[in-house]
Amino acid sequence: MQDKKALAILKKYYLPYRTEEKPSARDLEAGVQTGVIAACSEITHGEMVSEIKRLSKRLPLENAAKGFLYSLSSGDTRYRTALSSLVWARSLPEHTSDKTEREYGRCVVCGCTHGLDGKENVDWNEFGVFRFLPPTQYGKCPDFTCAEYVLNDLWAFEKLPAVEPCEEDYRILNAVFAAAGRMKPHNMDTALVSEIRRMNLIRETGNAIHCLLAVLSICGVLEGSEREGFLHGFTNSGSIGRYRDGLSFYPLFFWRGRDGINYDAVNELFGSFSGDRLSPEKALIPEAKEEHNRARKADSKAAHFYTDGVYSVNLTNEERRFLALNDLDPAWETVSLFSVTYSLKKRTVLFYEGSTIVKVIQEEQSAEDEGAVTWKRYSEYDTCLATEERKLLMPLTSRGRAKPITAAAVLAVEPFGCKVDICLQENKTTMWAGNLRNRQEIAIGEENRIKKIVSDADFHAFMDYYCSTCPEDYFDRIAQIREMEHQTVRFRVGDVFRCQMDRIHYTYGIIIGKTRELEKWKELPVVHSFRNLMAQPILVRMYDFVASNGDVTVEQLMKMPLRPPVVCSDEDIFWGTHKIIAHKDLEPDDVQFPLHLARQGRNRDASHPFEAEMLTALSSTLLPEEQRKRGDSPRSIWVEWGFASAEIPWESVPEDLKDLLNNGKYYNSGVQIGISGEYCGKTLAEILQETPRNTIQYDLLLPENRDRFKLVMHVLGLPDDCSYDEFAMKYGGLTRQKYIELTKLRGK
């Protein structure tokens with residue numbers, strides 16, 4: 001029995017990727033007595049190579065092979081890597097000179113990093129930890145083909161008593177060989193690890209299985225056509241190159257499914273004592289394991305939250321047609337996959353037509369231990385995923401690899417058809433439907449009705465209303481969403497676009513600027529919020545009305561007022577979600593820029609005032625004296641309006657404006673994700689009824705901020721109805737007319 005305290009020491013101090021802590025001398029001494037902890041010792045590189053070669057001649061290969069087999073069912077990993085260490089040691093060429101060629105501080109032959117310039121103390125536990133514990137993901141990766149690991153491994157193995165494998169060991173290894181035979185030609189070692197885990201062939205972690213395969217690969221059993229193992233040849237450490245990822249091993253990461261099992265190496269390693277127990281004929285997956293695996297899948301903590309064929313929302317095929325989904329064929333076979341993550345219970349239902357997954361329904365619910373459900377999510381989409389006998393998910397391209405069918409693997413593939421997503425929550429229900437591949441979506445609208453849906457009955461009542469109120473051309477739009485090819489749209493400043501709010505209502509907008517182009521203008525101040533935006537932002541103004549048809553002309557739009565500008569992502573235009581209907585030359589009345597107000601921190605090296613304002617706000621909970629010591633007190637107020645900006649010393653700011661800043665935020669250095677006509681056509685009273693005034697801040701040009709706008713203009717000595725051109729002329733920015741001229745000259 002291995003000492004648990006000594007193993008805990010290894011796990012704590014030697015397994016992590018980085019740790020500066022060291023175990024106490026007392027713990028180390030006690031661990032050495034158990035045989036788990038190795039005592040440090042001084043050695044040169046030459047002495048290390050000589051000792052490895054001595055042990056390689058002394059230790060019988062048969063004993064190491066029996067030890068490897070014995071470790072499979074016993075789980076005693078002390079015996080596992082001695083086989084690969086001995087094979088590597090026998091193949092290692094003599095190079096005992098301490099003047100060996102090195103690369104990156106390693107001997108280019110054996111990979112040794114110690115004693116290259118004379119005697120050096122080696123903590124063998126840095127290498128020996130992997131004889132007892134598998135590596136952890138993103139932690140240290142064991143190198144079974146370096147001199148330090150091999151020498152420590154052979155030293156320790158020599159002290160172990162001889163063991164004999166049992167029939168269960170042969171069964172496990174034959175099953176591993178059978179799993180390798182199931183791999184597709186392009187499958188890599190990671191796919192084989194997943195298959196072994198899926199079939200529950202051995203009670204080990206994925207990383208431990210990876211290490212087991214590495215041993216077989218070093219010994220030539222799992223070797224690739226490009227690189228061979230060490231059974232009949234040696235590859236210098238300097239010729240291996242770097243690993244593909246943190247838990248890959250040479251030459252295992254060159255192995256592919258088409259390479260299969262090298263049974264010549266199997267016979268050479270195990271044949272002297274195994275007879276015909278390890279052979280292609282015996283490479284089978286035990287039926288009992290198959291049955292156990294199926295039973296284990298059905299036993300899930302999430303399963304009792306769901307009933308077969310019953311969903312939180314039970315769509316009818318008629319409702320599916322209105323939401324751009326294919327009909328659900330009752331003849332399709334289903335497979336349910338369950339998972340639990342904290343309070344989230346999930347079910348993914350796969351619908352099979354033959355061996356092809358044609359529809360997926362995923363449900364999630366936040367269910368506490370006592371059974372209370374706070375919200376539910378229902379997603380359904382159409383797809384076309386080929387599988388191999390419903391066991392492996394086939395790759396989409398020739399460069400991909402087959403994967404075990406899991407919920408994560410299926411959901412990772414973007415739907416080939418349309419998708420519906422419904423999240424049920426008290427007074428917060430949302431609903432979305434569209435095609436993710438062409439970025440088109442159904443303008444369902446009806447947010448006020450949808451948010452009241454809390455049950456399946458509520459949903460069907462809503463759909464009855466929805467279907468009965470759709471216009472005659474509704475299915476023309478559905479066909480477009482289902483069949484339209486993915487597109488990218490070239491657009492320019494002055495383009496007018498249309499947004500569909502719901503089945504019968506539309507809003508319109510105009511593009512007045514592209515901030516990625518404005519960043520290159522020398523007229524834009526060096527310190528400006530436009531220079532710190534993410535995504536691909538554009539400046540947009542929405543026409544302040546809602547139309548009941550999509551045929552409004554530019555001439556009609558020119559008579560409509562415009563709302564204040566918004567900085568938003570260009571994706572709704574770029575992907576064609578909102579259609580460009582016309583282009584017009586900009587006029588001064590079309591142009592407007594956001595008006596922002598921010599505090600500039602004193603000793604904070606922020607890239608722009610709006611970032612500094614945020615940093616200052618973060619320290620607002622500190623006492624005044626603490627703020628003074630930290631240098632967090634504001635030094636000025638910064639007013640930015642388009643291409644012009646003004647700075648007001650903090651000492652000159654009146655108290656009512658300071659109070660305004662302390663109780664609100666009047667800048668927005670972010671980018672709105674989508675383009676929306678949410679507030680179009682609404683009076684100020686209607687807007688404030690939906691969104692309370694104390695939550696509406698940001699741009700000072702918003703009608704909700706009119707009194708705040710006047711206060712700032714008063715401090716700047718400007719009229720209450722100050723225009724952008726007046727502000728620009730006083731503070732040195734571009735006028736609207738000059739901006740239009742430069743846009744025509746420089747715009748794309």
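The values are calculated or read from the model by the stated rules, or taken from the named source; none is laboratory data. Because the structure is predicted, anything quoted here is derived from the model rather than measured. No Cβ is skipped: glycine too gets one built from the backbone with ideal geometry, and neighbour counts run over all protein chains shown. Keep in mind that these areas ignore ligands, DNA and RNA; they rest on the heavy atoms of the full protein, side chains included. Shrake-Rupley method; radii C 1.70, N 1.55, O 1.52, S 1.80 Å.
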In a shell of Cβ-Cβ distance under 12 Å around ALA214, excluding ALA214 itself, what net charge do Lys and Arg (+1) and Asp and Glu (-1) give?
-2
Please list, in order along the range 564-576, the HN-Hα scalar couplings obtained from phi with the Karplus expression 6.51 cos²θ - 1.76 cosθ + 1.60 (θ = phi - 60°), rounded to whole Hz, x for Gly and Pro.
x, x, 10, 8, 9, 5, 8, 5, 5, 7, 4, 8, x
Let me check I've understood the local charge: for GLN556, count other residues with C-beta under 13 angstrom from its C-beta, Lys and Arg +1, Asp and Glu -1. What total comes out?
+1
Charge tally in the Cβ shell below 10 Å around HIS714, where Lys, Arg are +1 and Asp, Glu are -1, HIS714 excluded
-1
Among [x] 32; [y] 46; [z] 16, find the value of percent of Cα pairs over 47 Å apart that was calculated from the structure presented, and write down its label.
[y]
What's the magnitude of the charge dipole for the range 119-261 around its Cα centre, counting Lys and Arg as +1 and Asp and Glu as -1 at the beta-carbon? Answer in Debye, nearest 20.
560 debye
Heavy-atom accessible area per residue, the chain, 1.4 Å probe: how many Å²?
48 Å²
Hey, can you grab everything whose amide H is under 5 Å from the amide H of ILE37? Only 5+ residues off in sequence or another chain; H modelled, so Pro and N-termini drop out.
VAL32
Once you keep just the Cα pairs under 8 angstrom separated by 6 or more residues, what percentage relative contact order results for the chain?
7 percent
How would TRP255, TRP155 rank on accessible area, largest to smallest, probe 1.4 Å?
TRP155, TRP255
With the convex hull built on the Cα atoms of the range 99-229, state its orientation-averaged projected area in nm².
10.3 nm²
Computed Rg/Rh of the range 308-416, alpha carbon atoms with Kirkwood Rh
0.99
How much of the accessible area of the range 136-232, in percent, comes from carbon and sulfur atoms when a 1.4 Å probe is used?
50 percent
19 Å reach of a label modelled at LEU411, 7 Å along Cα-to-Cβ, counting backbone N of the range 417-436:
417-425, 430-436
Label-point separation (nm) for TYR342 and TYR263, each offset 7 Å from Cα along Cα-to-Cβ?
5.2 nm
Whole-Å semi-axes of the range 19-77's equivalent ellipsoid, largest first, each the root of 5 times a Cα gyration tensor eigenvalue?
27, 22, 10
By how many degrees, 0 to 90 and rounded to 10, does the Cα axis of helix 45-58 deviate from the longest principal axis of the chain?
50 degrees
Out of GLY747, MET188, SER85, whose Cα points farthest toward the positive end of the dipole of the chain (charges: +1 Lys, Arg; -1 Asp, Glu; placed on Cβ)?
SER85
Kirkwood-type radius of the range 390-526, with distances r between different C-alpha atoms, in Å
19.1 Å
Let me spell out the model: positive unit charges on the Cβ of Lys and Arg, negative unit charges on the Cβ of Asp and Glu, origin at the Cα centre of the chain. What dipole size does that give, in debye rounded to 20?
1280 debye
Could you work out how far the C-alpha centroid of the range 261-285 sits from that of the range 175-204, in angstrom?
17 Å
Could you work out the percent of alpha carbon pairs in the range 356-462 separated by over 19 Å, rounded to a whole number?
55 percent
Give me Rg/Rg_expected for the range 1-116, where Rg uses Cα atoms only and Rg_expected = 2.2 N^0.38 Å with N residues.
1.24
